[in-house]
Structures are given as structure tokens and as C-alpha cells.
């Protein structure tokens, strides 16, 4: 597969969260991503909406991100790596009001923001939280929906989130089987329903990124499709490109992702469970 991977979810900033612990580990993580075909990666360290209730705490955390990003950017420029680096945050919706006006919270400062729910639990009012982000003028990109407890019984809610303007980002490691069979099956169902906007790694700089087995699984859904009459049929490679390259680029540039048709993947394709951290 020749898709140019744009990975909009990673934890590669040194020493700021549960990702890369120092600069050496951050550079190793970027090398690992590049070796698996990633051409651009967005560093998205964890940030809680509740921090904004005390602005001094929020400013201190964002200043820590600034320092780490500058350090990694400088080191990357002096290395022989060719991967491009951008920044944002993985914004935890743990407060009823979320002020996203600071551009450092959003994907390269544009209107799209990578969001998550706390403790891998699906909140009762998750839809309200996502709609509040949309109503404020932002484009929520929900990280790893397949990993939230209870999501498999809430597909009617997921359909409303998507209809209301939320993009869904599935983890490559989920497709690879690295979190177990349940997240993998849910990710496959989300793909089959055409609700997934993009795939990203959520790489925490431990073990290896899961792009090769994830792409293998996606390729299981790209068998030639015959068209009826003169109706155009989206090619399999174009389908994958939308998920790993085109839509991530669109979200980073502030455009909504293009709708991706539903396709069934073959869960019999061998996965991988490499990597030492659950996150």
C-alpha cells in the first residue's frame, strides 16, 4: 500500500505525559513511525478540560508542551529523519464547559480538535458534550471510540454524533488486535457502517506502531467491486487513502473529512498485540 500516512494522534512529546519519557525516546518514536510509512505526525499530549477552570494551571501545562515541542522540533531538524511534526492536544472532555479558544489545543491551530472521554467510559451525556463543541464552532474528532466501555450497545447514539458533525478516529492498534478482540470487532463494525473518518496510531512511544497489521486488515476490504451500469465505484486503495492520508490532512487543514463508504474487513486477517502499554 503506497498511501502517505498522516498520523494525527500520538504521544511523542518528551516528558509531558504517558508517552515519550525523554528526548531520546521521542526521537526513537518518530523514527519508528517513519519506518512504518508515516510522513507526518501530530503530537497530541493529554490535556483535561477541567484544567481550564484554573487558568494558571492550564497555562503552566501548555507552557510545558511549548518547551517540549520546541525541544523536539529542534532535535528533529538536526537529525536525519524526514518525518514532519505538528502539534495539538488530546483534549479530555471532563468538564461541562470547554474553552477551546487557545490554538494550541486544536489540530495545528485549526478548527478541528481531538477529543476523548475519561477513563474509557462512555458518559451518559456524551452526545451533549460533543454537540457543545460543534455549537461553539469547532470540529470534534473523537479519539478511539472503539475502546469506550459500552460503545457496542450505543450505536444509535454514535450515529447521531456523526450526523451532528463529530468525526471518528479509530486506532491502528485496535485494527491490529493490540487491545484484544472486542475493540477490534467494534472498530470493524464502525468501518462497515461508514462512520470512521480516519485512522491514527495513538502511539505512546513504547513497543512499535501498529501500522503494518492495521493496513493489512484494511486491505482485506479492498477486493475489486463491480459497478452497475456507469456508476463510479471507489477503488480500494482510494478508500484506504481517505482513512490514513486524505481525511487526516483535511482535518488538520480545518476541513471536514470526506464521507468514507462502509466496507467490511476480514477479521480473520492476522493481527498483532505487540507493545507494552495498554494506552
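Here are the numbers for the structure shown:
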read-out	value
Segment residue 31-residue 136, length gained on full extension (0.36 nm per residue, minus Cα span)	34.1 nm
Added length on full extension, which subtracts the Cα-Cα distance from 0.36 nm per residue, residue 102 to residue 193	29.4 nm
Computed [θ] at 222 nm, helices only, for the chain once each DSSP H run of length n ≥ 4 contributes -39500 (n - 2.57)	-10000 deg cm²/dmol
Packing-based exposure ordering (other Cβ within 10 Å, fewest first) of 155, 125, 65	125, 155, 65
Exposure proxy order (Cβ contacts within 10 Å, fewest to most) of 147, 173, 54	54, 147, 173
Relative contact order (%) - criterion: Cα under 8 Å, at least six apart; region: the chain	21
Cα centroid separation, segment 54-92 to segment 189-225 (Å)	26
Order of 138, 211, 239 under a 10 Å beta carbon neighbour criterion, fewest first	239, 138, 211
Stretchable slack from residue 60 to residue 21, in nm (0.36 nm times residue separation minus alpha-carbon distance)	12.2 nm
Projected label distance in nm at residue 119 and residue 182, using a 7 Å step from Cα toward the beta-carbon	1.6
Estimated distance in nm for a label pair at residue 79 and residue 238, the labels positioned 7 Å out from Cα along Cα-to-Cβ	3.6
Candidates 51, 114, 218: whichever shows maximal mean-square fluctuation once the chain is modelled as a Gaussian network with Cα springs under 10 Å	51
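Every number in this text was worked out from the coordinates using simple rules, so none of it is lab data. Computed from a prediction, not measured in an experiment: that's the story for all the values here. For neighbour counting, all protein chains shown are included, and Cβ atoms are generated from backbone atoms with ideal geometry for every residue, glycine included.
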